[in-house]
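For reference, the structure is listed below as structure tokens.
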Amino acid sequence: MHALPVMIVALGTLVLGYRFYGGFIARRVLNLDFGRETPARAKNDGKNYKPEHSGVLFGHHFAAIAGAGPLIGPVLAAQYGWLPGLLWLVPGAVLGGAVQDFVILAASVRSGGKSLAEIAREELGPASGLATAAAILFIVVAALAGLGFVVVNALADSAWGAFTIGMTIPIALLMGLCLEKRGPEGVRVATALGVTAMLLSLVAGRWVAANPALSRFFIFTPHGVVVAMGIYGFFASVLPVGWLLVPRGYLSSFMKLGVLGLLVMAALIVNPELQFPALSAYLRGGPVIPGPVFPFLFITIMCGAISGFHALVSSGTTPKMLSCEPHARPIGYGGMLLESLVGIVSLVAAASLEPGDYYAINLSPAAHAAFAAQGGATPVHLASLTAAAGEKSLLGRSGGSVLLAVGFSQILSGLPGLKPLMPYLYHFAILFEALFILTTIDTGTRITRFVLQELGGKAWKPFGNLASLPASAAASAAVVFAWAGLIWNGSIGSIWPMFGIANQSLAVIALAVGSAFLRRQGRGSYLWVTILPLSFVTATTGAAAAAMLGGGYWPAGTSNCVAGVNDALIVAILALTGFILWRAVAKLRAGKAPGEGGIRTHEAPCGA
């Protein structure tokens with residue numbers, strides 16, 4: 001089986017889904033309107049609320065939602081074969097993930113830019129709002145730890161990667177200054193400046209890595225990467241959005257979208273053979289994921305199909321910068337479908353490697369030795385792949401990020417004239433992955449800071465002031481300390497399943513709140529749009545959580561302390577999610593008088 005028919009079917013389904021199902025939701029379910037004033041315009045303060053060019057905002061939103069999930073989840077799930085992942089990624093995004101993102105974005109815009117917790121309070125009552133805020137804190141800390149762990153594996157001991165990623169920060173600050181001083185007409189100047197500088201940084205990174213006097217400043221241990229990420233996440237959370245968060249997300253989106261387009265083109269042209277079978281021998285569990293395909297597939301692949309974390313972005317920074325309601329369709333629904341494409345390409349890249357090479361790279365040395373002793377697949381091209389990537393060794397580089405970079409670079413090197421550039425392509429893929437993830441880390445930290453300040457403001461009002469620098473700094477530091485602590489003490493095997501359960505539990509909460517929103521908007525006849533994915537995600541996540549708590553699926557070597565903390569987090573998340581789901585069901589049964597949110601104006605349709 002080759003990749004071409006898989007890519008064509010997947011692309012066609014995503015395009016048709018956006019054209020017809022996304023259009024149906026925009027027109028009939030949400031009734032988007034150019035004349036309804038958005039909170040970005042009504043509350044414009046130049047800091048947290050600010051109308052952004054639709055292209056810039058799409059870049060920021062896509063950069064924020066597209067983290068490690070669509071890259072790493074499909075790579076890990078390739079253990080089951082390529083068909084299960086594909087059957088979850090495509091329909092899951094069209095019918096579930098994109099619907100969630102779109103509906104929550106519209107709900108936040110109609111409620112004045114409120115967060116998911118505030119919308120839950122408005123739709124389901126004060127107790128549900130408090131439970132949602134508490135659940136979000138638990139869930140996002142787990143999610144950011146899962147996302148961040150992949151960055152640690154990708155950037156540790158890599159001067160090239162650390163230098164290039166680090167340079168995106170001053171570049172973004174310069175772009176933000178350009179956008180601030182020159183307004184909308186500065187978008188083109190800032191774009192040209194940022195993209196050119198980023199490409200120059202990428203080229204200079206190889207020279208820095210080869211220079212011992214310079215490279216020593218950019219070589220970090222895994223714990224050093226965690227500290228650097230924490231410092232960056234803190235400042236990205238505290239500084240005004242227009243200074244660093246938005247321009248860096250916009251800059252990252254160029255690399256993300258550009259590389260994604262190149263990968264799709266390469267997959268179609270090179271048409272690599274899928275070395276993995278459609279269904280593998282490990283449907284009941286294997287060396288990478290010990291659990292069976294049902295339900296573990298659905299907590300291994302999250303982002304790319306449906307991700308609760310997206311609801312925080314759709315009710316966090318994005319609605320505060322949306323200039324027009326109709327822009328919610330390409331940003332909310334379209335952005336999620338594009339992330340699904342990232343997951344599909346990642347799945348193809350992993351499945352195009354020989355199974356023996358896949359397991360040699362993606363298992364720890366001890367686990368691979370045990371796997372080989374049991375008659376598992378042996379490496380085929382590992383030595384040549386290692387030499388082509390310019391690495392000392394690829395054996396035992398578990399976590400998915402290195403394996404994905406190998407898969408991406410192998411596909412890209414199949415294009416005419418690119419074979420000799422394999423080392424550059426490999427490191428370029430590493431940078432691509434790191435940029436994907438860090439733009440989710442910064443946005444997620446800021447969103448969680450909002451939630452923590454909302455909760456803390458109930459006990460001490462000054463703490464809830466989002467414009468207060470001391471309060472913002474204290475909340476940001478607390479959030480960073482929490483997710484960095486989990487990364488410091490965890491592993492991919494202990495963090496990723498917890499991340500999956502937490503993330504999908506948040507999707508259950510978001511879809512429940514979105515259903516209540518549709519009821520209040522007088523769209524009760526369209527509740528099936530959110531109820532169908534809500535029912536499916538509730539069933540799969542509940543089954544996976546029960547298996548993790550009772551089946552002993554934590555990886556060997558996980559300490560009792562780490563396993564206990566993980567179990568406690570899962571139980572707390574499930575309890576809060578169950579309470580919110582119960583309140584939502586009660587509210588939907590009781591019904592509520594139809595209404596229309598938002599402020600009507602008589603302005604002409606706004607621009608881009």
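Details
- Test for A372: is it in a loop (DSSP other than H, G, I, E, B) and at pLDDT 80 or above: no
- Just so you know, in segment 428-472 the residues that are touching a Lys or Arg at 6+ places or on another chain (Cβ under 8 Å) and hydroxyl-bearing (S, T, Y) include one that is nearest to G73 (Cα to Cα), and it is T439.
- Residue match in segment 439-458 (condition: at pLDDT 80 or above, on the phi > 0 side of the Ramachandran plot and open to solvent by 20 Å² or more (accessible area, probe 1.4 Å)): no
- Within segment 522-540, the set of residues being under 19 Å from G332 (Cα atoms) and crowded, with 21+ Cβ neighbours inside 10 Å comprises V529, T530, P533, L534.
- Residue in segment 250-271 that is most open to solvent (accessible area, probe 1.4 Å), counting only those that are under 20 Å from I8 (Cβ atoms) and touching a Gly at 6+ places or on another chain (Cβ under 7 Å): V270
- Residue count for segment 288-317 under the criterion of being in contact with a Leu (Cβ under 6 Å, 6 or more places away or on another chain) and either open to solvent by 30 Å² or more (accessible area, probe 1.4 Å) or not hydrophobic (A, V, I, L, M, F, W, C) (or both): the result is 7.
- Condition met for V585 (surrounded by 20 or more Cβ atoms within 10 Å (Cβ to Cβ) and of a type outside the set (F, W, Y)): no
- Some residue of segment 413-420 being assigned to a helix (DSSP H, G or I), modelled with pLDDT of 85 or more and in contact with an Asp or Glu (Cβ under 9 Å, 6 or more places away or on another chain): no
- Among the candidates A543, A572, A556, residue that is open to solvent by 60 Å² or more (accessible area, probe 1.4 Å) and either over 16 Å from I299 (Cβ atoms) or modelled with pLDDT of 90 or more (or both): A556
- Within segment 170-190, considering residues that are in contact with a Leu (Cβ under 9 Å, 6 or more places away or on another chain), surrounded by 17 or more Cβ atoms within 10 Å (Cβ to Cβ) and under 16 Å from L239 (Cα atoms), the one modelled with the lowest pLDDT: G176
- Unique match (being among the hydrophobic types (A, V, I, L, M, F, W, C), open to solvent by less than 10 Å² (accessible area, probe 1.4 Å) and at pLDDT below 80) among F436, F408: F436
- Only one entry in F432, F408 is of a type in the set (F, W, Y), outside any loop (DSSP other than H, G, I, E, B) and over 20 Å from P272 (Cα atoms), namely F432.
- Count - residues of segment 202-213 that are surrounded by 14 or more Cβ atoms within 10 Å (Cβ to Cβ) and at pLDDT 85 or above: 2
- Some residue of segment 89-99 being in contact with a Gly (Cβ under 6 Å, 6 or more places away or on another chain) and open to solvent by less than 10 Å² (accessible area, probe 1.4 Å): yes
- Test: residue in segment 461-471 that is touching a residue at least 24 places away in the same chain (Cβ under 8 Å), touching a helix residue (DSSP H, G or I) at 6+ places or on another chain (Cβ under 9 Å) and not hydrophobic (A, V, I, L, M, F, W, C): no
- One residue stands out in segment 268-304 among those that are assigned to a loop (DSSP other than H, G, I, E, B) and among the β-branched types (V, I, T): the one that is nearest to H2 (Cα to Cα), namely I301.
- Taking segment 14-43 as the range and being surrounded by 16 or more Cβ atoms within 10 Å (Cβ to Cβ) and either of a type in the set (S, T, N, Q) or touching a Leu at 6+ places or on another chain (Cβ under 6 Å) (or both) as the test, the residues that pass are L14, Y18, A26, T38, A40.
The values are calculated or read from the model by the stated rules, or taken from the named source; none is laboratory data. If you're wondering where the values come from, they're calculated on a predicted model, not measured in any experiment. Cβ atoms come from the backbone with ideal geometry, glycine included; neighbour counts cover every protein chain shown. Areas reflect the complete protein model, heavy atoms only, side chains present, ligands, DNA and RNA absent. Shrake-Rupley method; radii C 1.70, N 1.55, O 1.52, S 1.80 Å.
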